[in-house]
Amino acid sequence: MRKKVLFICVHNSARSQMAEAWLNLLCPDHFEAHSAGLEPGVLNPLAIEAMREVGADISGKKVQAVFDVLKSGEIFSYAITVCDETSAECCPVFPGVTTRLHWSFPDPAALTGSHQKRLDGVRKIRDLIRARVETFCDEMCSAK
């Protein structure tokens, strides 16, 4: 049975969406990934563009509130925050979660400059997230 993983960031607009997509792409036999945000915003167009470049289409994903997920009663094996430490401390405790992890990644919304410069920054964040998800998959699959 696949373990459910919830990725959480502030707006559910980029980091958590990319992490969800990577885990579902890289380790679909072992995990079912979802994502949510503390204050849901709008899906970041640069995240959509950066993920599309690697064959992952997140353009149809909806942002959702972490508190709505909590109220749904869905049980997750892992809750993984992908925002900064301060924001991660605001995350609720999920009943039934066996493991809570924190992976800090820069916020794509904080990037400045031209479209190209911001896209380059999102690509770097995308690749950092992929590398961390790959490590997580390797660690979890070898522990079985």
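Laboratory data are not the source of any read-out in this text; all were calculated from the coordinates shown. As the structure is a prediction and not an experimental result, all values here were calculated from the model. For neighbour counting, all protein chains shown are included, and Cβ atoms are generated from backbone atoms with ideal geometry for every residue, glycine included.
Under 12 Å from the Cβ of Val42, count the other residues' Cβ atoms, weight Lys and Arg +1, Asp and Glu -1, and hand me the total.
Spelling it out: positives minus negatives among the neighbours equals +1.
Would you mind checking which residues have amide H under 5 Å from Ala33's amide H? H placed 1.01 Å from N; only 5 or more apart, or other chain.
Val5, Asn24
Suppose a student asked you for the relative contact order of the chain, using Cα pairs under 8 Å spaced at least 6 residues apart; what percent would you report?
Relative contact order here is 28 percent.
Stretch Arg52-Arg100 to full length: gain in nm at 0.36 nm per residue minus the Cα-Cα span?
Extending this stretch completely gives an extra 14.4 nm.
With charges only on Cβ, +1 for K and R and -1 for D and E, what is the dipole size of region 1-86 about its Cα centre, in debye, rounded to 20?
Using Cβ point charges on Lys, Arg, Asp and Glu, region 1-86 gives about 220 debye.
Based on the mean of other beta carbon atoms within 10 Å per residue, what is the order of 64-72, 6-14, most packed first?
6-14, 64-72
Work out the length of the dipole vector of the chain about its Cα centre, built from +1 on the beta-carbon of each Lys and Arg and -1 on the beta-carbon of each Asp and Glu, and round it to the nearest 20 debye.
My answer is approximately 140 debye.
Using amide H atoms built in the peptide plane, which far-off residues or other-chain residues are under 5 Å from Ala65 H to H?
Gly37
Which value in nm describes the separation of the simple spin-label points at Glu139 and Glu39, placed 7 Å from the Cα toward the beta carbon?
Each label point lies 7 Å from its Cα, and together they span 3.0 nm.
With a Förster radius of 35 Å, plug the Cβ-Cβ distance of Glu74 and Gln116 into 1/(1 + (r/R0)^6) and report the FRET value to the nearest 0.05.
0.35
Would you please give the FRET efficiency between His30 and Ser59, computed as 1/(1 + (r/R0)^6) with r the Cβ-Cβ distance and R0 = 35 Å, to the nearest 0.05?
On the way: r = 26 Å, r/R0 = 0.73.
Using R0 = 35 Å, I get an efficiency of 0.85.
I'd like to know which of Ala50, Leu6, Phe136 lies farthest towards the positive end of the charge dipole of the chain, counting +1 on Cβ of Lys and Arg and -1 on Cβ of Asp and Glu.
Ala50
Given the peptides 31-37, 73-79, arrange them by the average over their residues of other C-beta atoms within 10 Å, most packed first.
Order by mean packing, descending: 31-37, 73-79.
Below 18 Å, Cα to Cα, which aspartates and glutamates can Lys117 reach? Residues fewer than 8 away in the same chain don't count.
Glu49, Glu53, Asp107, Asp127
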